[in-house]
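Any read-out appearing in this document is the output of simple, stated calculations on the displayed coordinates, not a laboratory observation. What you see is a predicted model, and the numbers here were worked out from it, not measured in a lab. Reconstructed Cβ throughout: ideal geometry from the backbone, glycine too, with neighbour counts over all protein chains shown.
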Amino acid sequence: MKVVFSEQQKRHYPEQFLVNGVMQPNPEVPERCDRLLAGALEAGCTLDKPEDYGLEAVRKIHPQRYLEFLQNAFTRWSRIENAADVVIPNIHPGDSPGGYPASVVAQAGFHMADLACPLSVESWGSICWSAWTALHAAGRVLGGDDSAYALCRPPGHHAFAEVAGGFCFLNNTAIAAQALLEKFPRVAIVDVDLHHGNGTQGIFYQRSDVLTVSIHADPVRFYPFFWGYGNETGEGAGRGFNLNLPLPRGSRDEDYMPALEQALDRVVAFDPGALVIALGLDAFEGDPFAGLAISTGGFGQIGREIADRFDLPVLIVQEGGYLCDELGSNLGAFLNPF
């Protein structure tokens, strides 16, 4: 299996973000890449570097004004006297029916769902290379590889079509799934991150060509709070093509596997041509976010269940998973069955 990765993804690094009204160190650090890459290589993957794919494929998921905001926001923000050294909004529109403002401060509030997605001077380049990593890995699958692993940073599954959130700016998983539709009439996404893949759900919520399934910690008291409930099943043409499987906080391997079986049964019924795994390793029992309690062996079991169940091309896109001694080992355990 190829691990697709570019060192350019490490240049994005806003060192702090706002939590409970307090600025705290940002856990989405460049070192995540080093540990994940080491884990992938140790598992037997070989490195493949992505190309610059431009924005044509990205625009199939994200509209132009959002891309222009991400590209130019830091430069515009820097012209504000005494502004912070990162773009962080202080106003949000709520459900305002009004127009699109010209102020970068207002646009930041419009395009950022929360305060966990600050933009710094190097962010735009890393954001693009993260998306291009997903596209390159999708290209390997389109070209005949049985599987590929996209080591994407920053992650993407909390990004809606026009809204960033939760360390995510472009939805790499959605961009990759859309690319796979060039060859496969139906694509399934299974999100095994600790947190609900709310952006991915939102992007495909009214579509029937992409099935979205997410197994995650119950959002009733956990990020992203407002999405991820079992009654969210899709709308319009997409009704019945979204499945959420929230788990109680602290759920362990034995609690997780029945939900995984339910998720994979739904994929089988959908009969896709390709499968995308939004891989979050933050469900680990030792992850700093401490939401679920999956063991290293549990990640291996999750990988085996998926690999053994399907005779389909599989694209694995990195989402969450934060610094702990076992981060690389958890990735290796998941990748080994592939």
Checking VAL220, VAL213 in turn, the sole residue that is in contact (Cβ under 8 Å) with a residue 40 or more places away in the chain and among the aliphatic types (A, V, I, L, M) turns out to be VAL213
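Let me confirm something: among ILE80, ILE88, ILE61, which residue is more than 21 Å from THR173 (Cβ to Cβ), crowded, with 18+ Cβ neighbours inside 10 Å and among the β-branched types (Val, Ile, Thr)?
That would be ILE88, the only listed residue that is more than 21 Å from THR173 (Cβ to Cβ), crowded, with 18+ Cβ neighbours inside 10 Å and among the β-branched types (Val, Ile, Thr).
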In region 219-240, anything closer than 17 Å to HIS157 by Cα and either surrounded by fewer than 18 Cβ atoms within 10 Å (Cβ to Cβ) or of a type in the set (S, T, N, Q) (or both) is listed as PHE225, PHE226, TYR229
Flagged in region 16-40 as free of Cβ contacts under 8 Å to residues at least 60 places away in the same chain and out of contact with any helix residue (DSSP H, G or I) (no Cβ under 9 Å at 6 or more places or on another chain), in numbering order, are ASN20, GLY21, VAL22, MET23, GLN24, PRO25
Filter region 160-207 for residues that are in contact (Cβ under 8 Å) with a residue 60 or more places away in the chain and small (Gly, Ala, Ser); the one that is surrounded by the fewest Cβ atoms within 10 Å (Cβ to Cβ) is ALA161
Taking region 181-200 and the residues there that are under 11 Å from the mean Cα position of the chain (by Cα) and not hydrophobic (A, V, I, L, M, F, W, C), the one that is nearest to GLU261 (Cα to Cα) would be ASP191
* Asked: Restricting attention to region 101-112, does a residue exist that is assigned to a helix (DSSP H, G or I), small (Gly, Ala, Ser) and either on the phi > 0 side of the Ramachandran plot or in contact (Cβ under 8 Å) with a residue 60 or more places away in the chain (or both)?
  -> no
When region 134-154 is checked residue by residue, the ones that are closer than 20 Å to GLY39 by Cβ and either in contact with a helix residue (DSSP H, G or I) (Cβ under 7 Å, 6 or more places away or on another chain) or aromatic (Phe, Trp, Tyr) (or both) are ALA134, ALA137, ALA148, TYR149, ALA150, LEU151, CYS152, ARG153, PRO154
By residue number, the members of region 1-58 that are assigned to a loop (DSSP other than H, G, I, E, B), surrounded by 14 or more Cβ atoms within 10 Å (Cβ to Cβ) and out of contact with any Phe, Trp or Tyr (no Cβ under 8 Å at 6 or more places or on another chain) are PHE5, ARG11, HIS12, TYR13, PRO14, ALA43, LEU55, ALA57
Subset of region 314-326, residues surrounded by fewer than 24 Cβ atoms within 10 Å (Cβ to Cβ) and touching a strand residue (DSSP E or B) at 6+ places or on another chain (Cβ under 8 Å), comes to VAL314, CYS324, GLU326
